[in-house]
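Bear in mind these aren't lab numbers, they're just calculated from the coordinates by the rules spelled out. This one's a predicted model, so the numbers in the text were calculated from it and none came from an experiment. No Cβ is skipped: glycine too gets one built from the backbone with ideal geometry, and neighbour counts run over all protein chains shown.
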Ligand SMILES: *Cc1c(COP(=O)(O)O)cnc(C)c1O
């Protein structure tokens, strides 16, 4: 049932757009159902829940950490996480790099930018990131692959505002791609959720994070 939903949803997307099924708060049985269609990319926003699901489920699943990540919790997900979407500070980057080294792997990350008006949302400013790059600090992160950007638009009915924020994020992506040393690996724009993914795709998203439209509303 959920498997068919995922298949239909994927069919409706342009080919270059990757779907992350956001399974936060949803039980393992439901995710097992989803797996039957061959979909392997799932997103969680809490470290404890992510670790628990990883331990109990198929090791083929590619787990995406989409929520705010605290530095002291990086060590729990570093051995297996597929992509960390919400990297929002240099100190967090340093910690991810350290844990990557410990686990002898390169951890893929997205730079989260603050594009919404709401102060509750996390992220770098473009100037912060530009100075990190011009100082060459990112070159020290040998156990990190910076894959692209992530952002969340304001929670509003105002489609025009949401669109402007997505345009802004895509501009940041293009700007950083032109500055970074490995532009080929920098290829991911993670933007768009159930309410706004169509606007996001129209404005250059190639990775959407969809929860409620697939799994139903959360409690
Ligand atoms: C929960 C969440 C989503 C999915 O939200 P839906 O509106 O249920 O699609 C996407 N991204 C992040 C960062 C989330 O926390």
Largest to smallest principal axis extent of the C-alpha atoms in segment 1-122, angstrom: 42, 36, 26
Cα-projected label distance for residue 106 with residue 217, points at 7 Å along beta-carbon direction, nm: 4.4 nm
Relative contact order [Cα under 8 Å, 6+ residues apart], segment 1-110, whole percent: 20 percent
Cα-based equivalent ellipsoid of segment 138-219: semi-axis lengths in Å, sorted from largest, via gyration tensor: 26, 16, 10
Zero-based 5 Å bins, Cα pair distances in segment 152-192, whole percents: 5, 24, 25, 17, 14, 8, 6, 1
Computed P(r) (all Cα pairs; segment 16-59; 5 Å bins; percent): 5, 21, 35, 26, 9, 3, 0
Ranking of 7, 126, 146 by count of other Cβ atoms within 10 Å, fewest first: 7, 126, 146
Where the Cα pairs of segment 127-172 fall when distances are cut into 10 Å bins, in %: 23, 38, 25, 13, 1
Whole-number D in µm²/s for segment 62-129 (Stokes-Einstein; Kirkwood sum over Cα pairs; 37 °C, 0.692 mPa s): 267 µm²/s
Extension gain from residue 94 to residue 29, taking 0.36 nm per residue of separation minus the Cα-Cα distance: 19.8 nm
Fraction of beta bridges assigned by DSSP in segment 27-144 that are antiparallel (%, nearest 5): 0 percent
R0 of 25 Å, Cβ-Cβ distance residue 135-residue 40: FRET efficiency to nearest 0.05: 0.10
Alpha carbon convex hull of the chain, projected area averaged over orientations, nm²: 11.7 nm²
Cβ-derived FRET efficiency at R0 30 Å, residue 55 paired with residue 163, nearest 0.05: 0.15
Beta bridges per DSSP with both ends in segment 100-183, % antiparallel, nearest 5: 0 percent
Antiparallel content of DSSP bridges confined to segment 72-219, in %, to 5: 0 percent
